[in-house]
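The values are calculated or read from the model by the stated rules, or taken from the named source; none is laboratory data. Everything quoted here is computed from the prediction, not taken from an experiment. FYI the Cβ positions are ideal-geometry reconstructions off the backbone, even for glycines, and counts take in every protein chain you see.
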Amino acid sequence: MNKKQKRTVARIITALVLLILLIILEKTGNLSFLDGRWYAFVPFLLPYLLAGYDVILKAAKNIAHGQVFDENFLMMIATFGAFFVGEYAEASGVMIFYQIGELFQGIAVGKSRRSIAALMDISPEYANIERDGELVEVDPDEVHPGDLIVIKPGERIPLDGTVVDGSSMIDTSSLTGESVPRSAREGDPVISGCINGSGTLRVQVSREYEDSTVAKILELTENASSRKSPIENFITRFAKIYTPAVTIAAVLLAVIPPLLFGQDWMEWIKRACTFLVISCPCALVISVPLGFFGGIGASSRIGVLVKGSNFLEALSQVKTIVFDKTGTLTKGEFRVQKLYPAEGVSEAELLRKAALAETYSTHPIAEALRAAQRERLSEKAARTADQDAPGTGDSGRSEADDYFVTDAQEIAGKGLSVLIDGKPVLAGNAALLRDAGVDFSETEDAGTVVYLAEDGRFLGSAVISDSVKEGAKEALESLKKSGVRETVMLSGDRRKAAETVGAELSIDSVYSELLPQDKVTKLEEILRSGTGKDKTAYVGDGINDAPVLSRADLGIAMGSLGSDAAVEAADIVLMDDDVTKIAETMKIAQKTLRIVRENIWFALGVKFAVLILGAFGLASMWLATFADVGVAVIAILNSMRMLRRKAG
Amino acid sequence: MKKKFDLDNLDCANCAAKMEDLIKKIPGVEDVSVNFLTQKMTLKADDARFDEIVKEAAKCVKKVDSDTTLLV
């Protein structure tokens, strides 16, 4: 509580005590000397003014500006009306309770604002730049690409750049939600907004501050609330007509029955006053955007940027999810999965020969084989560290120099032939070996199989494929549990490879051998087949599927930390490439929408119930006060559940 | 031009919506959003009249809620 709020508490308590004393005096007959006098209301004016003088002052000021539908003004009219009809205790009581409600509301809003501020607390305050051999703290805005900055242990990285000196572990959790720190060494890129670990880094800045990751994220999060969801737009429109409608209804209620049907003026003015007390749509106007803000905040805490409330609402209604295969569901890197050496051949020899044969090829398959060989060598080097092992530097190359690889020839669509130390070696698909008349055994594994033969003798085969990401299966399962009806995978890859991945992940439909433009066409087909309200999301890595991302109802880009194109094109951005985050964000979205709907039904339900009861004279002003501020506080507290949601 | 402003003492959510409506009506304003939670106003308006527009916007803010101040 701040100072102002503490003063309000003191005022409210004093006013409340005074009011209770007055009520006791009245009930025990000690105020009977005032009965029937015109100034009988004067004692009750004391707690009333003490609690509500600021409301009245504000009402006066705002009415001078022509604000007829101002909540303070309407509250003033309502309580004046109560005094007028002789309900003195109610008039002061309602004012006191109104103030209590406002106070709670103020505290809750203040708390939410602080949580939001904490959420935004990733902006760097300064950058250390070297000038004339001395470190100077400057505003990150003043640093330009190419400048060298120094990041000391524990500091926030102010700008995107590349490490030129030093090594450290970097805590990216405020951006990605990932708690395991990443290592950063010379040559590694670092991203602004992360926290440096225990090492000092010298970093060459690659982008202006305004283009840096942290500035982009902050801008997106702040602007997220301006892209309003359909529900929010409905509330805004509703709020605009609600206050005037209730106020006019109150006037009619006060005037028509007495004028036309000769009813008691006092009774109907009293009823009209209960209307005025409920005339502010505050409960909805605060709690709905707060709920969405909380949802967006909770997502950003797990490393998912949602670019607007509208996208959060859309995500909660997604029924079809279309995935890109490579890089999204699979790791996007070819690896040697399995080695099948022929009899009398060791795995090491098979791999070495295969890597040697592929020495001069730039094909991804060749790279996978060379990478596997390098890995094996460096493992060996680590085991025999004290010996003079080959394995320093680019060991793949040095092996090639030790051996004599010549006469490399590519046999189109089949593989290649080389001479290793003068012996002819064939590396390629089954057709290559069959053509050469080599006796060999075929491998049934999915993926690309490279068969190897030396001097007409079969050495074995290596299976190379892209592998499914860890957690992808669980991610798809939990999406289904969250209400996704259909999963689809689009791939530019061969049918066999795509279908194997599809089967492994139990994806409903798989479309393969698609060119980038085919993906858009396919997605449009899927969009057309769906019904109006159900949404279709597309998940891609944003590298060459920007058109597809923007065509879908909801574009989700992943692994996009630092990638501008993806961040631009997508509606939701996963900062790391963890697919499981989609299901998690979907849960957050659904929870947000549930809370928002709860608040809308609850607030509108209570308000309309009290309005109807009030019109029939069944609702007291006390109840009306609860329907106004009480409901607002409850709705805000409900929305705050989203803000408090822990990461993970 | 697009610029962000802080709003001091923006205590009433309904007022934020009213301010937004009023400011939108100022000639030259392309877009404006008043955020109750972050207490910020984002104004996108005609470059030539920007300063004038900001002054008018400050008046609109005062008009809706006399306790709130647009910090320029």
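Got a number for residues in region A:1-41 being in a helix (DSSP H, G or I), closer than 23 Å to residue B:67 by Cβ, touching a Leu at 6+ places or on another chain (Cβ under 9 Å) and among the hydrophobic types (A, V, I, L, M, F, W, C)?
Final tally of qualifying residues: 3.
Only one residue in A:596, A:573, A:539 is crowded, with 17+ Cβ neighbours inside 10 Å and part of a helix (DSSP H, G or I). Which one?
After applying the criteria, what remains is A:596.
Within the set of pairs 6+ apart or on separate chains, which have a first residue in region A:40-60 that is within 14 Å of chain B (Cβ to nearest Cβ) and within 17 Å of residue A:71 (Cβ to Cβ), a second that is outside any helix (DSSP H, G or I) and of a type in the set (A, V, I, L, M), and C-beta atoms under 8 Å apart?
none
Against the definition (more than 14 Å from chain B (Cβ to nearest Cβ) and at pLDDT below 85), how does residue A:216 come out, yes or no?
Numbers: more than 14 Å from chain B (Cβ to nearest Cβ): yes; at pLDDT below 85: yes.
Considered against the rule, which asks whether it is more than 14 Å from chain B (Cβ to nearest Cβ) and at pLDDT below 85, residue A:216 comes out as yes.
Taking region A:123-139, which residues are over 10 Å from residue A:150 (Cβ atoms) and either among the basic types (Lys, Arg) or in contact with a Leu (Cβ under 7 Å, 6 or more places away or on another chain) (or both)?
A:123, A:131, listed by residue number.
State all residues of region A:519-536 that are of a type in the set (S, T, N, Q) and in a loop (DSSP other than H, G, I, E, B); if no residue qualifies, say none. Steps first, answer last, please.
Narrowing region A:519-536 to residues of a type in the set (S, T, N, Q): A:521, A:529, A:531, A:536.
Residue satisfying the conditions is A:531 alone.
So that you can scan it fast, the table gives a plain yes or no per residue for (1) touching a Lys or Arg at 6+ places or on another chain (Cβ under 8 Å); (2) over 26 Å from residue A:4 (Cα atoms); (3) part of a helix (DSSP H, G or I):
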| position | (1), (2), (3) |
| --- | --- |
| A:43 | no, yes, yes |
| A:51 | yes, no, yes |
| A:56 | no, no, yes |
| A:66 | yes, yes, no |
| A:74 | no, no, yes |
| A:78 | no, no, yes |
| A:81 | yes, yes, yes |
| A:86 | no, yes, no |
| A:105 | no, no, yes |
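Within the group A:140, A:124, A:153, A:158, which residue is exposed (fewer than 15 other Cβ atoms within 10 Å of the Cβ), touching a residue at least 40 places away in the same chain (Cβ under 8 Å) and away from chain B (no Cβ under 14 Å)?
So the residue among A:140, A:124, A:153, A:158 that is exposed (fewer than 15 other Cβ atoms within 10 Å of the Cβ), touching a residue at least 40 places away in the same chain (Cβ under 8 Å) and away from chain B (no Cβ under 14 Å) is A:153.
Out of A:247, A:243, I need the residue that is in a helix (DSSP H, G or I), surrounded by fewer than 24 Cβ atoms within 10 Å (Cβ to Cβ) and under 37 Å from the mean Cα position of the chain (by Cα). Which one?
So the residue among A:247, A:243 that is in a helix (DSSP H, G or I), surrounded by fewer than 24 Cβ atoms within 10 Å (Cβ to Cβ) and under 37 Å from the mean Cα position of the chain (by Cα) is A:243.
If a residue must be of a type in the set (Asp, Glu) and under 23 Å from the mean Cα position of the chain (by Cα), how many such residues does region A:477-498 contain?
Summing the residues that are of a type in the set (Asp, Glu) and under 23 Å from the mean Cα position of the chain (by Cα) in region A:477-498 gives 2.
Conditions (1) touching a Gly at 6+ places or on another chain (Cβ under 9 Å); (2) in the same structural domain as residue A:582 (by TED's automatic domain parsing); (3) in a helix (DSSP H, G or I), marked per residue:
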| residue | (1), (2), (3) |
| --- | --- |
| A:474 | no, yes, yes |
| A:477 | no, yes, yes |
| A:480 | no, yes, yes |
| A:483 | no, yes, no |
| A:489 | yes, yes, no |
| A:492 | no, yes, no |
| A:497 | yes, yes, yes |
| A:501 | no, yes, yes |
| A:517 | no, yes, yes |
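Just need a number here: residues in region A:343-372 that are touching a strand residue (DSSP E or B) at 6+ places or on another chain (Cβ under 8 Å), farther than 28 Å from residue A:504 by Cβ and of a type in the set (Gly, Ala, Ser).
2
Of everything in region B:2-42, what is more than 12 Å from every other protein chain (Cβ to nearest Cβ) and on the phi > 0 side of the Ramachandran plot? Give them in sequence order.
Answer for region B:2-42, where residues must be more than 12 Å from every other protein chain (Cβ to nearest Cβ) and on the phi > 0 side of the Ramachandran plot: just B:28.
Being under 17 Å from residue A:599 (Cα atoms) and within 14 Å of chain B (Cβ to nearest Cβ), is that true of even one residue in region A:247-269? Spell out the reasoning first.
We begin by selecting, within region A:247-269, every residue under 17 Å from residue A:599 (Cα atoms); these are none.
Taking every residue of region A:247-269 in turn, none turns out to be under 17 Å from residue A:599 (Cα atoms) and within 14 Å of chain B (Cβ to nearest Cβ).
Just to be sure, is residue A:277 of a type in the set (A, V, I, L, M), buried (at least 22 other Cβ atoms within 10 Å of the Cβ) and within 14 Å of chain B (Cβ to nearest Cβ)?
no
Among the listed residues A:92, A:112, identify the single one that is hydroxyl-bearing (Ser, Thr, Tyr), under 28 Å from residue A:287 (Cα atoms) and touching a Pro at 6+ places or on another chain (Cβ under 9 Å).
On the way: A:112 fails: touching a Pro at 6+ places or on another chain (Cβ under 9 Å).
Among A:92, A:112, only A:92 is hydroxyl-bearing (Ser, Thr, Tyr), under 28 Å from residue A:287 (Cα atoms) and touching a Pro at 6+ places or on another chain (Cβ under 9 Å).
Sort out which residues of region A:61-89 are free of Cβ contacts under 8 Å to residues at least 40 places away in the same chain, more than 14 Å from every other protein chain (Cβ to nearest Cβ) and buried (at least 17 other Cβ atoms within 10 Å of the Cβ), and write them in order of number.
The answer is A:76, and nothing else.
Does residue A:329 count as within 30 Å of residue A:494 (Cβ to Cβ) and buried (at least 24 other Cβ atoms within 10 Å of the Cβ)?
The answer is yes for residue A:329.
Tell me, please, whether a residue that is at the interface with chain A (Cβ under 10 Å from one of its Cβ atoms), in contact with a Phe, Trp or Tyr (Cβ under 6 Å, 6 or more places away or on another chain) and either assigned to a loop (DSSP other than H, G, I, E, B) or modelled with pLDDT of 90 or more (or both) can be found in region B:50-72.
No.
Report whether or not residue A:97 is within 14 Å of chain B (Cβ to nearest Cβ), in contact (Cβ under 8 Å) with a residue 12 or more places away in the chain and within 22 Å of residue A:623 (Cα to Cα).
So residue A:97 does not fit the description; no.
Taking only region A:252-279 into account, find how many residues are within 16 Å of residue A:612 (Cα to Cα) and not aromatic (Phe, Trp, Tyr).
The total comes to 15.
Could you say whether any residue in region A:121-136 is outside any loop (DSSP other than H, G, I, E, B) and of a type in the set (Phe, Trp, Tyr)? Write out each step before concluding.
The initial filter retains those residues of region A:121-136 that are outside any loop (DSSP other than H, G, I, E, B), namely A:127-131, A:134-136.
Now narrow it down to the ones that are of a type in the set (Phe, Trp, Tyr): none.
No, because not a single residue in region A:121-136 is outside any loop (DSSP other than H, G, I, E, B) and of a type in the set (Phe, Trp, Tyr).
If you scan region A:348-383, which residues turn out to be touching a Lys or Arg at 6+ places or on another chain (Cβ under 9 Å) and surrounded by fewer than 16 Cβ atoms within 10 Å (Cβ to Cβ)?
If the condition is that a residue be touching a Lys or Arg at 6+ places or on another chain (Cβ under 9 Å) and surrounded by fewer than 16 Cβ atoms within 10 Å (Cβ to Cβ), then A:348 is the only one that fits.
Can you tell me which residues in region B:1-21 are among the hydrophobic types (A, V, I, L, M, F, W, C) and in a loop (DSSP other than H, G, I, E, B)?
B:1, B:10, B:12
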